[in-house]
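Some notes on the structure that comes next.
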Amino acid sequence: MIVCGVKVSHDGAVAVLDGQRLVFSAEMEKLGNGRRYSALGDLDRITAVLADHGLAVADVDRFVVDGWWSEDDGPPRIDTLSAGRPVSVATAPYVADPFAPAPPSRFTFDGVAGSPLAGGYSSYPHATHHLYASYCTGPFAGRTALGLVWDGGTLPRLYVLRPGRQVTGDYQGPLFGLVGDAFTYFCLALEPFRKPLDGLSEVQVVEHHLGTAGKAMAYAGLGAADDDVLAALDKLVADLGLDSLGPVAGTRLAERCAALFPTHSSADLIASFQEFVGRTLVSALTDAVARLELSEPLPICLAGGCALNIKWNSMIRSSGLFDGVWVPPFTNDSGAALGTALCEVLHDGGDPVLEWDVYSGPDVTPSRPAAGWSARDCDEAGLAALLHTTGEPVVVVDGRAELGPRALGNRSILAPAVSPAMKDELNRIKHREPYRPVAPICLESAASEVFSPGGADPYMLFDHRLRDGWADRVPAVLHLDGTARLQTVRPGTPHTRVGRVLEEYHRLSGIPLLCNTSANLAGHGFFPDVATATEWAGTAYVWSGGTLYTDERRTNRA
């Protein structure tokens, strides 16, 4: 059975499952240099994306649309276009009946005339897609496990997932009364994230809102959590009361903290609130696990946009409460099309273990380099030698794109990490704030030698610290707070060549890692082709499909 999942609203995407196998997941922002967080835009894009992968609408057995909010107290729906004309797509609600066990509530609709959905479609609650996208793609699929769903619009929702003829997800209630957007609103009330919204388009407002939490997580490295602020937050949250802690609670908390601690920087306040939320989360999980009276620890699957916060993920992992912690690389809404398709498979009693690969996004679009760029054959060893001898960054646009928001070697800018100036250089060419971190991509076999805790961490979703002696050797990957957002890779990692590049670079340099940051235009998704990367010309080198492209104007001047 071929199932096509569709995310219509922000972070729009189309994903196809063939039985228990992921065929592809195409996020709109990764097509044609789309804007970050792009919505689907038009239902006709479903047809176009299917065609790009050799499929027609008639080949799809079932279409599934992700759930969304109600508008004006009406039934849930998403306003979009179909062949350029305005339409409304009816959906399941954002969250399910609070205590209805999953397999999730399935909603069916007659269809949208004149569109790929004309023959009818099903829909599942938005929070439910998060739950199953995490569970079915992780190492605990098919086992009893806990699931934590927490995104911007929900309270942290805990489930017990139990396999059987159908996987059930029994809701245990909210852990505490802060929606995920409370952190975003807290940061938006403070500099440098406070910004007048007058004159901004709806798309620009969405981009500013969705982009704040990740930047604020990095900005917190300029400050430090303060015990007095933490104590004040504890009292302020208690005074607000459980029923008052919607997203605007973040604004009120920030304003009160700024008034109580006028000499503290915004970075100190953000670092303190981030630490407060992390401690609250671990404390609530501790209480919830105790109430379950488990005979042995269960693993936990994290889901929702809040699981992009590596500080909170690391606090959960180091708590000792769980027999393993899993976070998928598409834990935010970038995984919605995949997750909602999985809901349909599970509803029919399908196997919860999905066959998938993180490099299942759009393939490189064929194109020609910009004028002034030469091309020559270059294998992984040649690229490693170039990085080692020149010390310059190289754009990699190779194979199929990564799923989710993190560049993991196929749409990356790679660079040696041996100079502290490299982080500044990468932020400069990407037009990013100087406080933004650059991640290390490291051979898995060497990760525990270089980092603590180290070990396998393939998706850049946890905190690590450099071990003694390494900060001076690879200073470019050290964040302001002394941590690093590690990604590990093996030489044999399927569908990417970055592991073999690292293996050869390690042989040449004695350093088992490189800098890794996303290859994209500012405010856009990953580079889709060589043409865009060479027209951008932020680096002198672009590597794609075993070919090295060189900006001869720049290298000849050198």
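The values are calculated or read from the model by the stated rules, or taken from the named source; none is laboratory data. Bear in mind that the values here come from a model prediction, so they are computed numbers and not experimental data. Please note: Cβ atoms are built from the backbone with ideal geometry, for glycine as well, and neighbour counts cover all protein chains shown.
Can you spot a residue in region 483-505 that is over 21 Å from PHE462 (Cα atoms), part of a strand (DSSP E or B) and within 26 Å of the chain's Cα centre (by Cα)?
No, because not a single residue in region 483-505 is over 21 Å from PHE462 (Cα atoms), part of a strand (DSSP E or B) and within 26 Å of the chain's Cα centre (by Cα).
Among the residues of region 476-487, is there at least one that is closer than 25 Å to GLY382 by Cβ, out of contact with any Lys or Arg (no Cβ under 9 Å at 6 or more places or on another chain), among the hydrophobic types (A, V, I, L, M, F, W, C) and surrounded by 20 or more Cβ atoms within 10 Å (Cβ to Cβ)? Steps first, please.
Looking only at region 476-487, we keep the residues that are closer than 25 Å to GLY382 by Cβ, and these are 476-477, 487.
If we keep only those that are out of contact with any Lys or Arg (no Cβ under 9 Å at 6 or more places or on another chain) as well, we get none.
No, every residue in region 476-487 fails to be closer than 25 Å to GLY382 by Cβ, out of contact with any Lys or Arg (no Cβ under 9 Å at 6 or more places or on another chain), among the hydrophobic types (A, V, I, L, M, F, W, C) and surrounded by 20 or more Cβ atoms within 10 Å (Cβ to Cβ).
Testing PHE176 on (1) in a loop (DSSP other than H, G, I, E, B); (2) in contact (Cβ under 8 Å) with a residue 60 or more places away in the chain; (3) more than 21 Å from the chain's Cα centre (by Cα); (4) crowded, with 18+ Cβ neighbours inside 10 Å, one condition comes back false. Which one is that?
(4)
With over 20 Å from ALA92 (Cα atoms) and either buried (at least 24 other Cβ atoms within 10 Å of the Cβ) or assigned by TED's automatic domain parsing to the domain that holds ALA220 (or both) as the only criterion, which of LEU131, LEU155, LEU146 stands out?
Working: LEU131 fails: over 20 Å from ALA92 (Cα atoms); LEU155 fails: over 20 Å from ALA92 (Cα atoms).
Residue meeting the stated conditions: LEU146.
Filter region 488-498 down to the residues that are surrounded by 22 or more Cβ atoms within 10 Å (Cβ to Cβ) and of a type outside the set (A, V, I, L, M, F, W, C), then identify the one that is nearest to LEU514 (Cα to Cα).
Kept after step one, since they are surrounded by 22 or more Cβ atoms within 10 Å (Cβ to Cβ), are these residues of region 488-498: 488-489, 496, 498.
Then drop every residue that is not of a type outside the set (A, V, I, L, M, F, W, C), which leaves 488, 496.
Working: THR488: 11, THR496: 15 Å.
Ranking the qualifying residues of region 488-498, first place goes to THR488.
Tell me, please, whether a residue that is of a type in the set (Asp, Glu), assigned to a loop (DSSP other than H, G, I, E, B), in contact (Cβ under 8 Å) with a residue 60 or more places away in the chain and in the same structural domain as ARG436 (by TED's automatic domain parsing) can be found in region 453-471.
For region 453-471, residues of a type in the set (Asp, Glu), assigned to a loop (DSSP other than H, G, I, E, B), in contact (Cβ under 8 Å) with a residue 60 or more places away in the chain and in the same structural domain as ARG436 (by TED's automatic domain parsing): absent.
Mind listing whichever residues of region 418-444 are surrounded by fewer than 22 Cβ atoms within 10 Å (Cβ to Cβ), closer than 17 Å to SER509 by Cβ and in contact with a strand residue (DSSP E or B) (Cβ under 9 Å, 6 or more places away or on another chain)?
Matches in region 418-444: LEU443 only.
Please work out which residue is surrounded by the most Cβ atoms within 10 Å (Cβ to Cβ), limiting yourself to region 184-230 and to residues that are under 20 Å from ASN313 (Cα atoms) and among the β-branched types (Val, Ile, Thr).
Applying the filter and picking the extreme gives THR184.
Given the residues GLY173, GLY214, GLY169, GLY199, which is the only one that is over 17 Å from ALA249 (Cα atoms), at pLDDT 95 or above and not assigned by TED's automatic domain parsing to the domain that holds GLY525? Full working, then the answer.
Numbers: GLY173 fails: at pLDDT 95 or above; GLY169 fails: at pLDDT 95 or above; GLY199 fails: at pLDDT 95 or above.
Criteria check complete, one pass: GLY214.
Just give me the residues in region 335-371 being polar (S, T, N, Q), under 20 Å from the mean Cα position of the chain (by Cα) and part of a loop (DSSP other than H, G, I, E, B), in sequence order.
From region 335-371, those polar (S, T, N, Q) are 340, 360, 365, 367; that's our starting set.
Remaining after also requiring under 20 Å from the mean Cα position of the chain (by Cα): 340, 360.
Scanning region 335-371 gives a single hit, SER360.
So which of ALA381, ALA341, ALA375, ALA385 is more than 28 Å from ARG162 (Cα to Cα) and touching a strand residue (DSSP E or B) at 6+ places or on another chain (Cβ under 7 Å)? Reasoning before the result, please.
Details: ALA381 fails: touching a strand residue (DSSP E or B) at 6+ places or on another chain (Cβ under 7 Å); ALA341 fails: more than 28 Å from ARG162 (Cα to Cα); ALA385 fails: touching a strand residue (DSSP E or B) at 6+ places or on another chain (Cβ under 7 Å).
Selected residue: ALA375, the only one of ALA381, ALA341, ALA375, ALA385 that is more than 28 Å from ARG162 (Cα to Cα) and touching a strand residue (DSSP E or B) at 6+ places or on another chain (Cβ under 7 Å).
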